[in-house]
Amino acid sequence: MGFLWSTYSAAKVVCEILWGILWSRYGTPTGFLCSTYSAAKSVCEILCRVAWYGCGMPMAFLWSTYSASKCMYENLQGAMRSHYDRLPGRKRPEASVPPELDEPQESPSAAANGEGCDVPGLDSTTPECADDAGVARSSPPRPTLAPVVDHEIGGTPHLSQSKEQAYPFEIEITKGKDVGDTSSNVIPHKTEARLNIGSDTVCPVPTSKPTNFITLEVPWLNGKHDGYRLSSFLGYEELRYSRAHLDEVPFAERAALHQSHLTFGLIEAVTQQKIPECYLLRRVAPGMSFLTTDNLRHILRDWINRIHKLEHTDVHAHSQWIESVHETLSIALDLFLLETQSSPKSVFNKSGLSQPDVDSILCMIAGIIEALVMTSSHFGRQPPDAIWSRAFVGPVAERYRTKLARRGWCPFTIHMLSTKLCTLGFATTCQPSIRRGVGHRQCTRDACVINTIDTTKYSNSHIEPGCSCPYLKPSVDEVIGHLSNGSIPVITVRVSPNNAIPVNSCLCPRHFRDGTVLDAICTSTIDTPYVAISHVWADGLGSTTEVGLPTCQLRWVTSTARRLVPGGAIWLDGLCVPKEKESRKRAIGLMGKTYRDAAVVLVLDSGIQSCSVKAPIAERLLRIVTSGWMQRLWTLQEAVLARRIVFQFADGFTDIQTLVSEADFADPVEWTLISGVGLLVKEYVENSNSNGCGIGYVVRSLHWRSTSKLEDETLAIASLLNVSAYELVQLSPEERMERLLLMVKNVQSNIAFLGGQKLDKPGFRWATKSFITRGEKQIAVRQRDAICTAEGLHATFFSFAFETTSFKKRWIIRDTSKSDPKYFHVNDVTKFKEQITTAFSCNAIIFEFPQVGLVNVGAAVLFDRDNNNAAVEGSRLKCIYVRRLRITQIDEGSIASDAGGDQIIDIRSAGMVTVCLS
């Protein structure tokens with residue numbers, strides 16, 4: 001007891017000295033004040049918990065400890081508020097300012113802590129509240145929570161420090177309940193109720209766990225929000241300031257209004273419901289609050305429920321709402337881009353805020369916009385690609401990328417997570433999974449080196465370092481015999497009848513201390529249920545039948561598999577795929593059937609196994625999405641073709657259907673992560689039946705995958721497309737893509753616009769050599785509107801035709817077919833230097849259809865107009881693929897500044913054309 005008090009006193013003295021230094025220095029940065037305050041609070045919280053857990057101290061001791069430190073907290077809060085009010089352009093509220101900005105007892109922000117909020121069940125100023133049994137109990141007043149302000153993101157808690165722990169003094173202490181158990185009291189809002197401000201309905205009060213971490217809390221600039229009626233997004237500012245008055249408002253006040261407009265105003269306009277300040281603000285001190293996304297999931301879930309309900313009652317109103325959402329988000333994105341891309345015009349920069357504060361505020365706004373855009377996809381209308389990708393442009397997400405890199409995350413994984421700000425932010429709360437101490441120093445944003453295996457230097461790993469147990473393998477002749485008969489070989493591990501080997505012959509420190517000797521027996525799958533193992537070679541389980549695997553590894557794999565299928569066998573490529581060429585080809589040809597027929601496909605990955613099966617759903621999904629298993633080529637078919645796929649975590653199993661069912665689609669983090677994992681769920685895969693998947697699905701799924709042998713790509717995806725892998729493996733690698741496309745036959749027309757190197761063969765100049773086109777435009781998943789033939793691709797495109805012209809780099813085409821001319825800027829987007837020539841000639845460009853304001857990817861082609869007989873095959877015009885292009889519509893006024901002497905070509909004809917593209 002004395003030690004605890006001494007430690008607490010020492011911490012208190014240190015914090016008081018720091019506070020004195022801060023108070024004496026007028027210009028101390030707000031971030032440092034907040035960090036010091038947060039550190040002081042953390043020290044006292046730790047002492048309280050130690051006292052309770054270690055000494056069984058009564059509740060009175062906990063609260064006396066809190067009370068003893070409360071004075072110091074209030075002093076720091078005062079210093080923070082004092083400095084905050086001294087920010088450039090800020091003034092302390094005068095008497096004429098509405099009382100909610102100056103009177104803490106009436107502040108809507110205070111309601112976030114249950115102080116003065118008029119929601120039934122949220123008034124915590126009374127000392128009585130009901131326990132689980134409905135009996136009134138005494139409860140101390142809720143303390144003010146510490147801010148989390150860290151411009152370098154250093155204060156972000158590890159995921160194991162869950163959001164529930166942000167409310168340490170709201171814990172319900174009852175007999176038999178752990179002090180740290182906050183499951184029954186996560187958020188102070190307990191009552192499901194609806195507020196009414198004027199005549200506007202307000203979002204239901206949050207009652208469940210907070211939203212997963214998206215962005216750090218940011219300072220609230222005290223913009224005017226509460227007390228006004230619901231308005232459109234464009235009318236939000238005018239409702240609070242007249243247009244004439246708005247131009248005269250100081251920049252600091254404009255910044256506050258702008259922040260409120262792009263957060264509360266945007267959410268209200270999209271959800272068409274009032275959102276009180278207390279839902280998204282956390283009060284720190286009178287007149288000082290922080291903007292948080294803790295309750296965002298509750299707002300989004302209520303929005304989803306209401307808009308789906310409207311779809312069944314008023315289809316027209318539902319359609320209008322969807323259209324309004326789309327337009328509002330587009331306008332909000334334009335305003336956001338103005339802040340990130342036009343620094344001189346930025347309202348926040350003009351306000352005098354520090355750059356770290358501006359970056360934090362923009363990051364919060366980007367996170368909210370992205371959450372709304374993602375949620376809008378639930379309603380049947382997919383926002384344009386530009387909306388998905390523009391919310392985290394520029395330096396907004398750079399702070400998170402830097403944090404992840406410092407923690408040791410792979411640059412490739414960071415690049416992959418950067419497609420969504422919410423997952424990037426959430427990843428900063430987790431530690432990276434490092435395979436046996438092997439770091440990612442040699443990895444790049446384009447590839448993870450440690451997942452790429454050189455088979456000539458490959459060696460297996462044992463369960464534990466220092467183990468030297470012998471290798472175990474089945475009979476090679478039996479494996480080859482089963483493959484020759486067209487059956488799938490599987491392995492059963494059992495105790496050898498000849499078990500007379502001394503105990504010390506096996507040096508493995510954990511296994512076989514009883515001297516047990518094992519045999520690997522090869523059988524057929526005809527009457528044997530089995531578990532197919534899906535893994536990556538980088539984890540040490542790679543091998544061939546001729547070599548086998550360490551006994552310790554095989555025993556562990558077998559015992560794990562039998563927990564899923566008692567008495568069953570296993571199929572593992574390291575035991576069931578021989579090195580001998582013909583047998584290997586047969587095994588590859590049977591690969592699809594192997595995973596289709598397995599009772600269970602078990603995923604073994606070191607990254608996934610670093611996570612507990614009891615971890616929050618978001619962390620489990622993150623471990624799967626960022627695992628080496630998810631990034632490899634062959635594992636795609638192993639997952640999609642499976643009857644049931646199960647992941648091995650550190651302390652148990654979880655199947656993919658359970659993961660999907662546990663995810664909250666209203667939570668932006670979980671929705672993003674489950675979208676990636678959902679690509680593996682058989683029920684969600686487009687046309688996952690006897691006709692196979694479409695190439696569009698395969699291209700989308702391969703986006704972040706890689707392989708050590710690119711020539712194996714067609715073999716790894718053949719079964720997904722219902723194509724014989726055995727037939728492809730007989731061909732040379734150069735012939736496989738051509739044969740694959742001919743066997744699939746029905747494809748998407750925009751497959752011709754995929755990036756990457758193209759095949760150099762007449763009839764297939766449009767075809768890519770690889771579907772792994774990282775960073776390129778995705779093609780339609782379901783639309784199969786083209787036919788692949790040996791002569792070329794039969795498809796219909798939109799075309800601009802003109803006189804045959806030679807081009808270099810950029811050029812402009814002009815459409816004068818209507819009274820209002822249209823201009824299109826054309827760029828060469830070929831990335832491979834070996835394909836770029838000094839000039840190229842064409843007389844038309846083809847693409848899907850011109851989309852105003854968006855980048856259109858198409859191709860330059862050459863029609864043979866001189867030979868009519870050759871040019872027309874039925875109703876199809878023959879044309880030769882030249883190269884891939886980017887086409888963007890521009891206005892006439894920007895030609896002078898953008899063209900820079902580029903060629904301007906007049907269009908001779910425009911419209912849809914059916915072609916045979918060779």
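The values are calculated or read from the model by the stated rules, or taken from the named source; none is laboratory data. Source: prediction; values computed, not measured. Here the Cβ is made from the backbone with ideal geometry for all residues, glycine too, and neighbour counts use every protein chain on show. The accessibility values were calculated without ligands, DNA or RNA, using every heavy atom of the protein model including side chains. Shrake-Rupley method; radii C 1.70, N 1.55, O 1.52, S 1.80 Å.
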Residue pairs qualifying under the 8 Å Cβ cut-off, at least six apart or on distinct chains, with the first in segment 402-424 being within 22 Å of PRO668 (Cα to Cα) and open to solvent by less than 10 Å² (accessible area, probe 1.4 Å) and the second being in a helix (DSSP H, G or I) and among the charged types (D, E, K, R), are LEU421/GLU370; CYS422/GLU370; LEU424/ARG401
Looking at THR456, is it in a loop (DSSP other than H, G, I, E, B), out of contact with any Gly (no Cβ under 9 Å at 6 or more places or on another chain), of a type outside the set (Phe, Trp, Tyr) and open to solvent by 50 Å² or more (accessible area, probe 1.4 Å)?
yes
If you take just the strands (runs of 3 or more DSSP E) that sit entirely in segment 799-887, which of them hold at least 2 residues that are at pLDDT 85 or above and within 43 Å of the chain's Cα centre (by Cα)?
840-847, 855-863
Any residue at all in segment 243-255 that is over 17 Å from PHE348 (Cα atoms), open to solvent by 20 Å² or more (accessible area, probe 1.4 Å) and among the hydrophobic types (A, V, I, L, M, F, W, C)?
yes
Count of segment 889-918 residues which are at pLDDT 85 or above, among the aliphatic types (A, V, I, L, M) and more than 13 Å from ILE845 (Cβ to Cβ):
1
Between LEU549, LEU541, LEU554, LEU602, which is modelled with pLDDT of 95 or more and not aromatic (Phe, Trp, Tyr)?
LEU602
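A quick yes/no check of all residues on (1) assigned to a helix (DSSP H, G or I); (2) open to solvent by 50 Å² or more (accessible area, probe 1.4 Å); (3) closer than 28 Å to PRO250 by Cβ:
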| position | (1), (2), (3) |
| --- | --- |
| ARG301 | yes, yes, no |
| ARG306 | yes, yes, no |
| LYS309 | yes, yes, no |
| HIS318 | yes, no, no |
| LEU329 | yes, no, no |
| GLY352 | no, no, yes |
| ILE365 | yes, no, yes |
Taking PHE649 as the residue in question, decide whether it is at pLDDT 95 or above, closer than 30 Å to ASN295 by Cα and not acidic (Asp, Glu).
yes
Number of positions in segment 400-428 that are hydroxyl-bearing (Ser, Thr, Tyr) and touching a Lys or Arg at 6+ places or on another chain (Cβ under 9 Å):
2
Could you pull out the residue among VAL577, VAL600 that is crowded, with 18+ Cβ neighbours inside 10 Å and free of Cβ contacts under 8 Å to residues at least 40 places away in the same chain?
VAL577
Can you tell me which residue is most open to solvent (accessible area, probe 1.4 Å) among those in segment 603-626 that are over 25 Å from SER461 (Cβ atoms) and of a type in the set (D, E, K, R)?
LYS614
Within segment 619-672, restricting attention to residues that are under 29 Å from SER376 (Cα atoms), acidic (Asp, Glu) and in a helix (DSSP H, G or I), which residue is nearest to the chain's Cα centre (by Cα)?
GLU670
Close pairs (9 angstrom Cβ cut-off, 6 or more residues apart or separate chains): at positive phi in segment 334-354, open to solvent by less than 70 Å² (accessible area, probe 1.4 Å) and part of a helix (DSSP H, G or I) anywhere
GLY352/ALA252; GLY352/ALA255
Considering every residue within segment 656-669, establish whether at least one is closer than 28 Å to VAL449 by Cα, touching a residue at least 60 places away in the same chain (Cβ under 8 Å) and not basic (Lys, Arg).
yes
